[in-house]
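To keep things clear, I will list the structure first and then write my remarks on it.
The values are calculated or read from the model by the stated rules, or taken from the named source; none is laboratory data. Values in this document were obtained by computation on a predicted structure and should not be read as measured data. Note that each Cβ is placed from the backbone with ideal geometry, even for glycine, and that neighbours are counted across all protein chains shown.
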Amino acid sequence: MAAATTRRRVTANGELQENGGGAGQRPTNGTRRRPSAAGSGGSTPLWRVAVFASVALNVATLALLLHHYAISHPWRQSPAPAVASPPPDACVLSGKSEARQEEVTKDRASAAMSPSTGKPTVRTDSVINLDHGDPTVFEAFWRETGALAEIVIPGWQTMSYFSDVGNVCWFLEPEFGRQVRRLHRTVRNAAAGDEYHVVVGTGSTQLFMAALYALSPSGSGDPISIVSTAPYYSSYPAVTDFLRSGLFRWAGDANSFKGDEYIELVCSPNNPDGALRDAVLRSEAGKTVHDLAYYWPQYTPITAEAAHDIMLFTVSKSTGHAGTRIGWALVKDREVAKRMTKFVELNTIGVSKDSQMRAAKVLSAVSDGYDMGSGSRHRHRLFDFGRRKMVERWAMLRAAAAASGIFSLPEETSGHCSFSNDTAANNPAFAWLRCDREDVEDCAGFLRGHKILTRSGSQFGADPRYVRVSMLDRDDAYGIFVTRLASLK
Ligand SMILES: Cc1ncc(COP(=O)(O)O)c(C=O)c1O
């Protein structure tokens, strides 16, 4: 059968070649080889040399392809990648024997092989889930940084509950605190000098709760009202009320709040609509918490150094390490910082030191990319990568909405970014998408019918004609999403 004898091989330049197969097959262009030196010597027949050369070429080609595949799919790497020597500020393995080293190499390779998102690979007909702001868009960047963002933690380390017993936040790893301050000095998005205490949390979600606890009056009066301008981040009401605290209670849209005592949550740039926000309430007795999770150059121009009483940040959105579960608060008032620390102590007796060390390494890799003075500046620049991605994705989305004709998006705004020293657009981490079709009252339901999962506007205190769409998923899912959106009429 012809099919049985047909051979396919990939040439060194990546082309697929087919031929009739068989050991004695001649080159398809019909040219004859000149006798080689070996052939002329008479000791090795010419066909053997040709077969050897052909096998060698195919093996080399396969190796090249596998290498390429391993680079673009590092979690499938096998055999294990070589262990990079620990950078000077990482914890080092002590007393490594070669066998131990090999074991560690294997362990690390198998960890690298198992992506833990639980998300299946997407195909053009898959359900595309853009409900959560899972920041996997940044994986492509961190795959390239290698040892710059790696740490190794030996078994005996990070065992104690304590990190810095002399500090207000006694479970703050000093290196994490240093890298937080350094990154803010680099980006100049928030004041983080000695006038601020750094409080670390298991994600900024824990610090949001800690802030509510710390700012609530300690007397036995009514719970204090927690407000935020709608559309507000859907977790604010959910997290505020889920334990039915006697200290605080969700009271909805700040714009319709009447009263003097409140805690106003100000999210800027805002989740879900990307708007730049200021507090809307003004009262001596009122307090504010600024959630600046998205105040980073990939999402928005850095227009001023924020210097609010309590500012919340998270590696989930700044670097994309949501799974590390580390957030930090910059807190002006020492007593408030102490109460927030108390909350974390009562809630989880501190914060994973392993995670803090990893976060410190990741933050230092980001700062190093921009640090002109320390001699450690390298070519991996997170905010450049992030901004490029977000600009590209917003352009794709706007084109898809225009092609469809039934969706609208917030207008693009821009401003001077002091970090990049140029004019930059606002490229929010979420799209606040409105379905303009008269007969569609529930945009999330409409999109669900087309296998696109989003979060309904109703969860943000807004009209269900709106949905929030994550802009932070992987390229493949995002590409399928915009193509599908463009086709909806
Ligand atoms: C505005 C805002 N704050 C906080 C968080 C939660 O951050 P973390 O993952 O650090 O708990 C999110 C996550 O989506 C967010 O959008």
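Scanning region 237-245 turns up at least one residue that is surrounded by fewer than 16 Cβ atoms within 10 Å (Cβ to Cβ) and part of a helix (DSSP H, G or I). Out of region 441-460, which residues are in contact with a Phe, Trp or Tyr (Cβ under 8 Å, 6 or more places away or on another chain) and either under 14 Å from residue 401 (Cβ atoms) or surrounded by fewer than 17 Cβ atoms within 10 Å (Cβ to Cβ) (or both)? Passing the criteria: 443, 452. Tell me whether region 161-170 contains one or more residues that are surrounded by 23 or more Cβ atoms within 10 Å (Cβ to Cβ), outside the structural domain of residue 303 (by TED's automatic domain parsing) and either in contact with a strand residue (DSSP E or B) (Cβ under 8 Å, 6 or more places away or on another chain) or more than 29 Å from residue 463 (Cβ to Cβ) (or both). For region 161-170, residues surrounded by 23 or more Cβ atoms within 10 Å (Cβ to Cβ), outside the structural domain of residue 303 (by TED's automatic domain parsing) and either in contact with a strand residue (DSSP E or B) (Cβ under 8 Å, 6 or more places away or on another chain) or more than 29 Å from residue 463 (Cβ to Cβ) (or both): present. Of the candidates 325, 358, 387, the single residue that is within 13 Å of the ligand (Cβ to nearest atom) and touching a Ser or Thr at 6+ places or on another chain (Cβ under 9 Å) is 325. Is it the case that some residue within region 328-341 is within 30 Å of residue 477 (Cβ to Cβ), aromatic (Phe, Trp, Tyr) and touching a strand residue (DSSP E or B) at 6+ places or on another chain (Cβ under 6 Å)? Yes: one or more hits. Any residue in region 286-298 that is among the basic types (Lys, Arg), surrounded by fewer than 24 Cβ atoms within 10 Å (Cβ to Cβ) and closer than 30 Å to residue 463 by Cα? Yes, there is a match, as at least one residue in region 286-298 is among the basic types (Lys, Arg), surrounded by fewer than 24 Cβ atoms within 10 Å (Cβ to Cβ) and closer than 30 Å to residue 463 by Cα.
Scanning region 261-272 for residues that are in a loop (DSSP other than H, G, I, E, B) and more than 12 Å from the ligand (Cβ to nearest atom) gives a single hit, 261.
In region 290-318, the residue that is farthest from the chain's Cα centre (by Cα) out of those that are of a type in the set (Val, Ile, Thr) and within 11 Å of the ligand (Cβ to nearest atom) is 314. Within region 169-209, being on the phi > 0 side of the Ramachandran plot and within 16 Å of the ligand (Cβ to nearest atom) holds for one residue alone: 203.
Could you go through region 273-287 and let me know if any residue there is of a type in the set (Lys, Arg) and either within 16 Å of the ligand (Cβ to nearest atom) or modelled with pLDDT under 95 (or both). Looking through region 273-287, at least one residue is of a type in the set (Lys, Arg) and either within 16 Å of the ligand (Cβ to nearest atom) or modelled with pLDDT under 95 (or both).
Counting only residues that are of a type in the set (D, E, K, R) and part of a helix (DSSP H, G or I), region 362-404 holds 8 of them. Residues that are more than 15 Å from the ligand (Cβ to nearest atom) and outside any helix (DSSP H, G or I) within region 210-236 comprise 216, 217, 218, 219, 220, 221, 222, 223, 224, 225, 227, listed in sequence order. Looking only at region 245-254, decide whether some residue is more than 16 Å from the ligand (Cβ to nearest atom) and closer than 30 Å to residue 301 by Cβ. Yes, because at least one residue in region 245-254 is more than 16 Å from the ligand (Cβ to nearest atom) and closer than 30 Å to residue 301 by Cβ. Of 280, 227, all but one fail to be crowded, with 17+ Cβ neighbours inside 10 Å and aliphatic (A, V, I, L, M); the exception is 227.
Cβ-Cβ contacts under 9 Å between residues 6 or more apart (or on different chains), taken from a first residue in region 202-221 that is more than 14 Å from residue 287 (Cβ to Cβ) to a second residue that is within 16 Å of the ligand (Cβ to nearest atom) and among the basic types (Lys, Arg), are listed as 202/325; 203/325; 204/317; 205/325; 206/325.
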